[in-house]
């Protein structure tokens, strides 16, 4: 090693030792002060409390306080979501009863019945669109794509506010109450994430660990499971669904949070029906009663696999239609002009079309529109064959909703499936909170019921294997179709577990899993999931998945796509240089700290807010007030009086509201400040001269919060490795170094562009000879 390298390493080590020593001393002093303040605060607080309270608090801290705080946190989350889900159910039930009352009791003629059937959904959708636009426009849509983006390291705070929670709560109740073919699983997942964020902000005043964004992201993963569990009363399926949807890498330490929160939320959700509605016990959502002795014949597995293949193709077609129609609505100039003219016109026509289609005397009689969505699924899962004769009274009551004088069950099932398919795509284009899982679940159940009834017609005596014949149960095919179709649309296998928990039937585990696997294989080959399609359409900063079989991800390295023109701060720089760096790079939130411009040895990273705080301490208003006080003291001693009129004129010359080009609201705020606070400042000329003098001083980085160990990667790190690192550690930026020297920076935007370029072939791989030459020293051990 030559002398230059030795000197560089010595300088690098010395700079790091000095910086770490200063930081260590500063942290020790701060810890001592905080500990002393905490002791004084606790002593003052306990002086005003009773002995019993102090004894209970001490017992809690020494027992459950060590490990029970997070359990209580998750339990509070589950309780809140159970109450929200129950209130949504009650609101939707009231809307359904009001609509049926208007249709059956307050109208006589057909036109009056149509008006009575349509008017309430129109009012609810108007309320939904209005409250979403006025309170929180971010509440429109599912919310799952945004939460997925948060779980990949990009924290979208604007989607996790209390305003979004309230708008989502009120909006999804109106959406489901209007009768449109949409669901609530997405809004409940987003609301659960908002609740966990707000609880974290509240608990951060007691425990600073809840301020950490990585901690919040882990808790949002648990909230994902709670939202699904409170939707379908399926805690196990909710946890698995959250694992499949939320992140590419799931932390095992977050597993118990998801299970505990999902079980707690689902239990409280069903207990609310027992305590308030008087239900006798906790029941499943969609009760079914299939034969358990000999549930299916082995030959039927072929028919289940074929059903999974059809459901996978149908799921691909749904995602493709959803993306195309969404893009058409977004890019249509006529619809844009219509929305600018009045934002209620397009939703009015959409809800008018959907309500007219579901009108019971019209097309609605072919899709069982006279019963609610839950009862429709219970009928589809019923354990008797619809195409046979000699039904019981209860069975005839079920068939009465699915048959007419002009058509049979197959017509109703096909019309119902097409309505769920097309109606959900049309309704999802309205700016309202909604989910798309339930309509696909219903469409899959209808498709499976069609397959089961056809199998019974083809094999009326059942499928014979050996000497025994097994009867066909169409209800089983309905459950298989529902799990397979919804799994194909969402690219998840946990829909099978959700189906088992919602029906409490585990005898057909293998058929459901086989069909779901086949459907997922077909869907993953042709289209992305419904959530990834929304992410791509909305251009969210989400890190996409990459296929390990692509050779380009192994031959592309960080040095091929990193930013080489790095904006940095360095030791010994002046405040004038720091001011220029902040002005020229307003979008950068984190700056690397190096030793000097020549060596570029990375010492840490500093947030933009900390650098702005340094500038404020040096030339801010508080610092100028201190200078004014020092300058005013000799004048008071010599003259014995001050000139308040001159000071008043200087103040109002600086804060002349007539010359300020700002909004009226800002002017009112300044006026209020001028009335309350007496502002003493330097004149403009003196202030500029004083600032110029202060800006020549060197920046003291020790007085701000530094990250002494930012994440660093090497130049030859492959794309597959950096993708895994960003996914597992929720990184948003990483610095590229070479023997401690800063040579580049990589962010999420550069990584996403590199992945897209590799998939399209825009980044050509390097020649094998050049790669071999570069790796030769490493292979030789040099």
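What follows draws every value from the coordinates through simple rules; no lab data is involved. Keep in mind that this is a model prediction, so the values were computed, not measured. Every residue, glycine as well, gets a Cβ built from its backbone with ideal geometry; the counts of neighbours run over all protein chains shown.
Averaging 1/r over each pair of different alpha-carbon atoms in the range 300-536 and inverting the result gives 18.8 Å, the Kirkwood hydrodynamic radius. Across the range 67-275, counting alpha-carbon atoms alone, Rg and Dmax equal 18.6, 66 Å. Can you give the FRET efficiency for residue 162 and residue 526, using 1/(1 + (r/R0)^6), R0 = 41 Å, r = Cβ-Cβ distance, to the nearest 0.05? After rounding, the FRET efficiency stands at 0.55.
Using a cutoff of 8 angstrom between alpha carbon atoms and counting only pairs six or more residues apart, the relative contact order for the range 344-402 works out to 30 percent.
Under the rule a/c < 1.5 gives rounded, and otherwise a/b versus b/c splits prolate from oblate, where does the range 298-396 land using the Cα gyration tensor?
Here the range 298-396 falls in the oblate category.
Taking 0.36 nm per residue of separation and subtracting the Cα-Cα distance, full extension of the segment from residue 586 to residue 202 would add 135.2 nm.
Note on residue 749 and residue 349: their simple-model spin labels are 3.7 nm apart, each label 7 Å out from Cα toward Cβ. What is the distance in Å between the Cα centres of the range 327-380 and the range 283-325? Rounded to whole Å, the Cα centres lie 26 Å apart. The P(r) of the range 273-354 has a tail past 18 Å containing 73 percent of all C-alpha pairs.
Would you mind calculating the gained length between residue 405 and residue 607 on full extension (0.36 nm times residue separation, minus the Cα-Cα distance), in nm to one decimal?
Values: separation 202, 0.36 × 202 = 72.72 nm, distance 7.21 nm.
Length gained between residue 405 and residue 607: 65.5 nm.
Classify the range 472-522 from the C-alpha gyration tensor, please: rounded if a/c falls under 1.5, else prolate or oblate depending on whether a/b exceeds b/c. Prolate. In percent, how large is the relative contact order of the range 67-275, given Cα pairs closer than 8 Å and 6 or more residues apart? Here the relative contact order equals 26 percent.
Each peptide in 426-438, 564-576 gets a packing score, the mean of other Cβ atoms within 10 Å over its residues, and the list from highest to lowest is 426-438, 564-576.
Between residue 537 and residue 567, the modelled labels are 3.4 nm apart [label points 7 Å from Cα along Cα→Cβ]. A Förster radius of 60 Å, combined with the Cβ-Cβ distance separating residue 756 from residue 276, puts the computed FRET efficiency at roughly 0.70.
Which shape class applies to the range 258-316: rounded if a/c is under 1.5, otherwise prolate when a/b exceeds b/c and oblate if not, where a ≥ b ≥ c are the square roots of the Cα gyration tensor eigenvalues? Write out the running numbers ahead of the final one.
Numbers: a/c = 3.03, a/b = 1.92, b/c = 1.58.
Cα axes put the range 258-316 in the prolate bin.
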